[in-house]
1. State yes or no: is PHE102 open to solvent by less than 80 Å² (accessible area, probe 1.4 Å) and out of contact with any strand residue (DSSP E or B) (no Cβ under 6 Å at 6 or more places or on another chain)?
2. Failed condition for ARG149, given (1) open to solvent by 60 Å² or more (accessible area, probe 1.4 Å); (2) in contact (Cβ under 8 Å) with a residue 24 or more places away in the chain, with all others met?
3. One residue is enough: does region 15-25 have a residue meeting the conditions assigned to a helix (DSSP H, G or I), in contact with a helix residue (DSSP H, G or I) (Cβ under 7 Å, 6 or more places away or on another chain), of a type outside the set (Asp, Glu) and open to solvent by 60 Å² or more (accessible area, probe 1.4 Å)?
4. When residues of region 159-174 are filtered for being out of contact with any Pro (no Cβ under 7 Å at 6 or more places or on another chain) and open to solvent by less than 70 Å² (accessible area, probe 1.4 Å), how many remain?
5. Would you be able to tell me the number of residues in region 5-26 that are touching a Ser or Thr at 6+ places or on another chain (Cβ under 6 Å) and under 21 Å from ASP92 (Cα atoms)?
6. Out of ASP121, ASP144, which single residue is without any contact (Cβ under 8 Å) to a residue 12 or more places away in the chain, under 30 Å from CYS11 (Cβ atoms) and either surrounded by fewer than 15 Cβ atoms within 10 Å (Cβ to Cβ) or among the aliphatic types (A, V, I, L, M) (or both)?
7. If LEU39 satisfies every condition in (1) over 20 Å from LEU166 (Cβ atoms); (2) open to solvent by 40 Å² or more (accessible area, probe 1.4 Å) but one, which is the exception?
8. Is it true that LYS48 is over 26 Å from GLU162 (Cα atoms), crowded, with 17+ Cβ neighbours inside 10 Å and without any contact (Cβ under 8 Å) to a residue 24 or more places away in the chain?
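The values are calculated or read from the model by the stated rules, or taken from the named source; none is laboratory data. If you're wondering where the values come from, they're calculated on a predicted model, not measured in any experiment. Reconstructed Cβ throughout: ideal geometry from the backbone, glycine too, with neighbour counts over all protein chains shown. Keep in mind that these areas ignore ligands, DNA and RNA; they rest on the heavy atoms of the full protein, side chains included. Shrake-Rupley method; radii C 1.70, N 1.55, O 1.52, S 1.80 Å.
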Amino acid sequence: MLELPILGFLCERPLHGYELKERIEALSGHVRPVSDGALYPAITRLLKAGRLDEHAAPGTRAAQRRVLTLTDAGRADLLDRLRRPKEIEISDHTRFNTLLAFLRHLPDPAEQAAVLRRRLDFLETPASFFYDAEKRPVRAEEPDDLFRRGMLQVARATGRAERAWLREALTALGG
């Protein structure tokens, strides 16, 4: 899960681990905090796979910092991940936002549009947090429960706004 934002941010410029952690946390917000125990093993895996390179640079004090850069293999990996996102990266809102944050790195507007089309198709499939006895999605007006009704109303409004933006973006991309 961390590989995409690591590759994406390093595609933009070299960073040291702490800067990278701050950028990933800002992107995912409070929803998914980034622990050192997850970030640094992911960086190590990408270094071993030849996706990243590192060099020492002077720190703000006496200690040197590891500065990470994206290799050509890392750029190719990033582009492949952007072209062919996993289903969870399309269906999970936070993961889709991570994908969206770096989609501009795909040089082909048709490939960008294909990713957006997958998200739009997902959002247009009827779904709900709750289902009735016949396994039909419960609509926002149906629950007597104030809080469930609120969840469904907010999800409906958010979904409408996202679908409208996706259609606008697809038009702009010619897709």
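1. yes
2. So the condition that ARG149 fails would be (2).
3. First, the residues of region 15-25 that are assigned to a helix (DSSP H, G or I): 17-25.
From what's left, in contact with a helix residue (DSSP H, G or I) (Cβ under 7 Å, 6 or more places away or on another chain): 17, 20-21, 23-24.
Narrowing the set further to residues that are of a type outside the set (Asp, Glu) leaves 17, 20-21, 23-24.
With open to solvent by 60 Å² or more (accessible area, probe 1.4 Å) added as a condition, the list becomes 23.
Yes, region 15-25 contains a residue that is assigned to a helix (DSSP H, G or I), in contact with a helix residue (DSSP H, G or I) (Cβ under 7 Å, 6 or more places away or on another chain), of a type outside the set (Asp, Glu) and open to solvent by 60 Å² or more (accessible area, probe 1.4 Å).
4. Just the residues of region 159-174 that are out of contact with any Pro (no Cβ under 7 Å at 6 or more places or on another chain), to begin with: 159-172.
So of that shortlist, the ones also open to solvent by less than 70 Å² (accessible area, probe 1.4 Å) come out as 159, 161-164, 166, 169-170.
Summing the residues that are out of contact with any Pro (no Cβ under 7 Å at 6 or more places or on another chain) and open to solvent by less than 70 Å² (accessible area, probe 1.4 Å) in region 159-174 gives 8.
5. From region 5-26, those touching a Ser or Thr at 6+ places or on another chain (Cβ under 6 Å) are 5, 14; that's our starting set.
Cutting the leftovers down to under 21 Å from ASP92 (Cα atoms) gives us 5.
Matching residues across region 5-26 total 1.
6. From the options ASP121, ASP144, the qualifying one is ASP121.
7. LEU39 satisfies all of (1) over 20 Å from LEU166 (Cβ atoms); (2) open to solvent by 40 Å² or more (accessible area, probe 1.4 Å) except (2).
8. no
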